[in-house]
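The structure appears below as structure tokens.
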Amino acid sequence: MYPMITSTKEVEMIYHIVNEVQKELQQEQIPYKVPEQGIMIETPAAVMISDELAEMVDFFSIGTNDLTQYTLAIDRQNEKLDDFYNSHHKAILGMIQMVVSNAHKCGKWAGICGELGADLELVEDFVRMRVDELSVAPSMILKIRKEIREMNITKN
């Protein structure tokens, strides 16, 4: 999984490097398998071209911490700005929905990593958005499971 992608050109460059490494391994007769190639969606630029990026990669992992910081133009490590850092902002949730929809249109999966994945207030929203995976700390797994099991969601 490759971080901080902002363009299709970067993905093309990554594949060029992967191909070079494959050739080297073949020449040296070293067995290998190329794993799934995914990208982190952490920038507004990646969100806006996620339809194009989805055609190029195997999956998306939405890095909600950085995405929130860059979208809201707020340093999340500056305590003086805590009142302005809103990971539940409508723009953030809309971006997540856009990325998931674009991934699914291309038959790819999209997961969430970062603090929002374990946010119990948003679990139902993520299920409704059809997020495929939530990456959470082990201490949150049972709480997230319980939240999902208690949902009353009908299929559309």
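The values are calculated or read from the model by the stated rules, or taken from the named source; none is laboratory data. Here the structure is a predicted model, which is why all the values come from computation and not from measurement. Here the Cβ is made from the backbone with ideal geometry for all residues, glycine too, and neighbour counts use every protein chain on show. Please note that ligands, DNA and RNA were not included when accessible areas were found on the heavy atoms of the full protein model with its side chains. Shrake-Rupley method; radii C 1.70, N 1.55, O 1.52, S 1.80 Å.
Taking the range 123-156 as the range and being closer than 18 Å to Gly63 by Cα and acidic (Asp, Glu) as the test, the residues that pass are Asp125, Asp132, Glu133.
With respect to the conditions (1) part of a helix (DSSP H, G or I); (2) over 18 Å from Ser135 (Cα atoms), Leu93 falls short on a single one, namely (2).
Determine if the range 69-77 includes at least one residue that is within 19 Å of Leu116 (Cβ to Cβ), part of a helix (DSSP H, G or I) and open to solvent by 50 Å² or more (accessible area, probe 1.4 Å).
Yes, the range 69-77 contains a residue that is within 19 Å of Leu116 (Cβ to Cβ), part of a helix (DSSP H, G or I) and open to solvent by 50 Å² or more (accessible area, probe 1.4 Å).
Among the residues making up the range 6-39, those that are without any contact (Cβ under 8 Å) to a residue 40 or more places away in the chain and of a type in the set (A, V, I, L, M, F, W, C) are Met13, Ile14, Ile17, Val18, Val21, Leu25, Ile30, Val34, Ile39.
Would you be able to tell me the number of residues in the range 123-156 that are in contact (Cβ under 8 Å) with a residue 12 or more places away in the chain and part of a helix (DSSP H, G or I)?
First, the residues of the range 123-156 that are in contact (Cβ under 8 Å) with a residue 12 or more places away in the chain: 123-137, 140, 143-144, 147-148, 151, 153.
Okay, now just the ones that are also part of a helix (DSSP H, G or I), so 123-129, 140, 143-144, 147-148.
Final tally of qualifying residues: 12.
Within the range 1-53, the residues that satisfy the criterion of being assigned to a helix (DSSP H, G or I) and hydroxyl-bearing (Ser, Thr, Tyr) are Thr8, Tyr15, Ser50.
Contact annotation: residue pairs with Cβ atoms under 6 Å, 6 or more positions apart or on different chains, pairing a residue in the range 104-122 that is closer than 14 Å to Phe60 by Cβ and open to solvent by less than 70 Å² (accessible area, probe 1.4 Å) with a partner that is of a type in the set (D, E, K, R) and not in a loop (DSSP other than H, G, I, E, B), are Gly111/Glu133.
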